[in-house]
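The values are calculated or read from the model by the stated rules, or taken from the named source; none is laboratory data. The shown structure was predicted, so the numbers you read here are calculated from the model rather than taken from an experiment. Reconstructed Cβ throughout: ideal geometry from the backbone, glycine too, with neighbour counts over all protein chains shown. Ligands, DNA and RNA are stripped out before the accessible areas are found, and what is left, the full protein with its side chains, is counted by its heavy atoms. Shrake-Rupley method; radii C 1.70, N 1.55, O 1.52, S 1.80 Å.
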Amino acid sequence: MQVNSDRPMFYETVTTCEECDFVHRVPRLQQGERLRCEHCGHVLITLHKHAFARILGTGLSALLMLILALSFSFLGFSVNGLERTVSLFNTLSVLLSQGYLMLGAIITLALFVFPVVYLSSVLLLVASFRYPDRLRNIRRFCLRWLVVVQPWLMVDVFLVGILVALVKLSSLADISFKLSFWAFCGYVLLLLKTVVLVDKRWFWNRVAGPSSDHPIVSGTAKQQGLIGCRFCGATLAGNAHHCDRCGHSVYSRRPRSVVFTVALLIAALIMYIPANVFPIMETTFLGGTEPSTILGGVFVLWSMGSYPVALIILFASVVIPLAKVVSLSWLCWQSCYPSRRLTSQKITLYRWTELVGRWSMIDVFVVAILTSIVQMGQFMSILPGPAVLSFTAVIVLTMLAAMAFDPRLLWDKDASRTQAQEGEACERDT
Ligand SMILES: [Zn+2]
Ligand SMILES: [Zn+2]
């Protein structure tokens, strides 16, 4: 394909799959339809029914629920006649007053700052479409923030963390759910629904304007000297350095993807040692302090008969981080020295690795919640141990490693092997 323009060309009727780099024509979708990549099965675009109205409704309702969740009491805790009521603000103020600034910052970012930035961007984006000829830069700005913030939304993980913390406390105290707790549940559900309704490629197509007709090309963008933008799905000329639509840097394959991924995995493995050796939580009961590690907490839950919760913590805190390191290491190896295993199976493993990684934050949230609720001096109190930060570092580093890995590398080897097999078959035929 001949490209003579200095400005990167953008073929608006085609989109490039971010997972396998195959170029697809985008048909005119009906409401409720979705376009899947024919090659790897990745969902490219979903056109939700009445998307604007529903996003506006769920987004505004989520913000309203957040305001309610911050306005009232969250949980009640009573033991031996001593009662304590906490709000969501207490959760933060206790952590900050005890000097756990990093843990407080993590909770603030994951529960409030990132979701509010996300919801504000979504609402501003939808509202800006009322003025189609103006506010184009604002739309681009909002869309860029959506993509950046979305992987770090963890309100659902925090909600499960609350339930796990309450199971841990159930044998020691009476727990009561207050008004804010139910408002927080509504906030979580509405935020998740908003995330499901927002399709970044569909929005980019709306922001980029009406489609123009270009001949469809087959195969990967790289095979045709083109570059697919992983952020908005645009297909750009091979000499492009930045995406014309979203402004992100573009490259045919992420530079030094395997090296960065391996480096982040090694850092995660190093942090995994203190995360498991040092206590993650210190419990004071009647003057005596007892530290507990992640595995120690699992054993305590198991001995209490809370088998499902013990298994959740075991999987989320011990198995998933290790499994993520092993599977990403194997995928890095496969991108350099591919086995005969199907690439679609490797991609499925990569998707699962990306999907489950943030659920390891459960134990960090459990510690933060217990710290904020159980503060009764020498009678009974819970404080975070030194392992909290190293464990958080493990999770963040493995999440960054998954983002640094470029899954298109797996398909490259697949395509080159297929071409070699076809070449051999042709030679035999002649
Ligand atoms: Zn694909
Ligand atoms: Zn782009």
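Going by amide H atoms built from the backbone, whose H comes under 5 Å of the H on residue 48, apart from near neighbours? Those lying under 5 Å, H to H, from residue 48 are 32. Fully extending the segment from residue 85 to residue 175, taken as 0.36 nm per residue of separation minus the present Cα-Cα distance, adds 31.4 nm. Placing unit charges on the Cβ atoms of the charged side chains and taking the dipole of the chain about its Cα centre, the candidate lying farthest along the positive direction among 385, 93, 46 is 46. Count the lysine pairs in the chain whose Cα atoms sit under 16 Å apart, keeping only pairs 8 or more residues apart in sequence or on different chains. Pairs that pass both the separation and distance tests number 5. Taking Cα centroids, how far is segment 23-48 from segment 349-386 in Å? The distance from the Cα centre of segment 23-48 to that of segment 349-386 comes to 38 Å. Highest mean first, the peptides 143-154, 359-370 sorted by other C-beta atoms within 10 Å per residue fall in the order 359-370, 143-154.
Remark: segment 217-354 carries a charge dipole of roughly 860 debye about the Cα centre, counting +1 on each Lys and Arg Cβ and -1 on each Asp and Glu Cβ. Which residues make up the longest stretch of the chain that has no GluC sites (Glu not before Pro) in a DSSP loop with at most 15 other Cβ atoms within 10 Å? Maximal segment without exposed cleavage sites: 39-430.
Think of segment 254-417 as having a plus end and a minus end, set by charges on the Cβ of Lys, Arg, Asp and Glu; of 395, 370, 293, 395 sits farthest toward the positive end of this dipole. Overall, the chain carries a charge dipole of about 900 debye about its Cα centre when +1 sits on the Cβ of Lys and Arg and -1 on the Cβ of Asp and Glu, all other atoms neutral. Using Cα atoms only, what is the angle between the long axis of helix 294-304 and the major principal axis of the chain, expressed in degrees (0 to 90) to the nearest 10? Between the helix axis and the principal axis of the chain, the angle is about 60 degrees. Once the Cβ-Cβ distance between residue 73 and residue 253 is put in as r, and R0 is 45 Å, what FRET efficiency do you end up with, to the nearest 0.05? It comes to 0.30.
Proximity of backbone amide H atoms, modeled 1.01 Å from N, is registered between residue 236 and 227, 228, 229 at under 5 Å, excluding neighbours fewer than 5 places apart on the same chain.
Each principal axis of the Cα cloud of segment 254-417 was taken in turn, and the coordinate range along them, longest first, works out to 67, 30, 21 Å.
Accessible area per residue for the chain, computed on protein heavy atoms with a 1.4 Å probe, is 47 Å². Per-residue ellipticity at 222 nm, computed for the chain from helices alone with -39500 (n - 2.57) per DSSP H run of at least four residues, works out to -17500 deg cm²/dmol.
Per-residue extension of 0.36 nm, minus the Cα-Cα distance of residue 156 and residue 327, leaves a gain of 59.1 nm for this segment. Helix 114-128 and the long axis of the chain differ in direction by around 50°, with both axes built from C-alpha atoms. Let me check against my output: what whole-number percent is the relative contact order of segment 19-141, with C-alpha pairs under 8 Å and at least 6 apart? Relative contact order of segment 19-141: 16 percent.
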